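J.: This structure is in structure tokens; I'll ask about it shortly.
The values are calculated or read from the model by the stated rules, or taken from the named source; none is laboratory data. This one's a predicted model, so the numbers in the text were calculated from it and none came from an experiment. Cβ: placed from backbone, ideal geometry, glycine included. Neighbour counts: every protein chain shown.
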Amino acid sequence: MGRNEPDRRLDEAAKRSPELAAMLAGRHDDPSARYRRVATLVGGAVLGVGLLWLAVHSLSPGARRPEAKAFEPAVEIDTSHYLAPIKTQAAGPDEETAPFTGFAISVDTEPGGALVSIAGALRGEAPVLATLACRGTEQVEVRAEKAGFSPVRRVVACRTDTLLKLTLRLEKR
């Protein structure tokens, strides 16, 4: 029995590419069903995460704030829970003191942003606030340095239960 034209073409295709021949003969796996299942699972997962986020967001305490009415005048701010400014007293040139528990130094510089060292330890850029464990008679060295300016060194005495506010003025070189 002779081979017809489609069979001959199928044999030629099989010689060039077995995958192409299987596809032409209709004996290949159709991956679209698998892809549809994966797409359905991914879509369901995204929908589930979105619903979970919506549920958590709507149940959070911040979401229950009452809406402000349009054109409602602003409510006066209650400042009764803010701390009052610290009252200081002049203690020397560029020094002020205030009551405090322990001993602390607040250092500011003019110009701002100088690197501040207190008792030999680098504390960062001014303004700096540092507490120190010292007795009332010890001396503490405070240094401020900034590029383009002469460094400033100041020695201060520890003071019991005091906050010492220093302002160090740097001079251009």
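J.: For the range 109-122, what are the residues that are within 26 Å of the chain's Cα centre (by Cα) and either surrounded by 17 or more Cβ atoms within 10 Å (Cβ to Cβ) or within 18 Å of ALA157 (Cα to Cα) (or both)? Walk me through how you get there before you give the answer.
T.: Step one: filter the range 109-122 for residues within 26 Å of the chain's Cα centre (by Cα), giving 112-116, 122.
Passing the criteria: ALA114, LEU115, VAL116.
J.: Residues that are at positive phi and either of a type outside the set (Asp, Glu) or touching a residue at least 12 places away in the same chain (Cβ under 8 Å) (or both): list the strands (runs of 3 or more DSSP E) wholly contained in the range 86-157 that include at least 1 such residues.
T.: Numbers: elements: 89-92, 95-99, 103-110, 115-118, 121-125, 128-132, 139-145, 152-157.
By residue number, 89-92, 121-125.
J.: Between a first residue in the range 1-29 that is assigned to a helix (DSSP H, G or I) and a second residue that is modelled with pLDDT of 75 or more, which pairs have beta carbons less than 7 Å apart while being 6 or more apart in sequence or on different chains?
T.: Between residues of the range 1-29 that are assigned to a helix (DSSP H, G or I) and residues that are modelled with pLDDT of 75 or more, the close pairs are ALA21/ALA14.
J.: Could you list, in sequence order, the residues of the range 158-172 that are within 24 Å of PHE100 (Cα to Cα), of a type outside the set (A, V, I, L, M, F, W, C) and outside any loop (DSSP other than H, G, I, E, B)?
T.: Initially, the range 158-172 is screened for residues within 24 Å of PHE100 (Cα to Cα), giving 158-168.
Now narrow it down to the ones that are of a type outside the set (A, V, I, L, M, F, W, C): 159-162, 165, 167.
THR162, LYS165, THR167, listed by residue number.
J.: State which residue is modelled with the highest pLDDT when the search covers only the range 63-106 and only residues that are β-branched (Val, Ile, Thr) and closer than 21 Å to THR137 by Cβ. First the steps, then the outcome.
T.: Taking the range 63-106 as the starting set, the residues that turn out to be β-branched (Val, Ile, Thr) are 75, 77, 79, 86, 88, 97, 101, 105.
Next cut, closer than 21 Å to THR137 by Cβ only: 97, 101, 105.
Details: THR97: 76, THR101: 76, ILE105: 88.
Per the criteria, the residue is ILE105.
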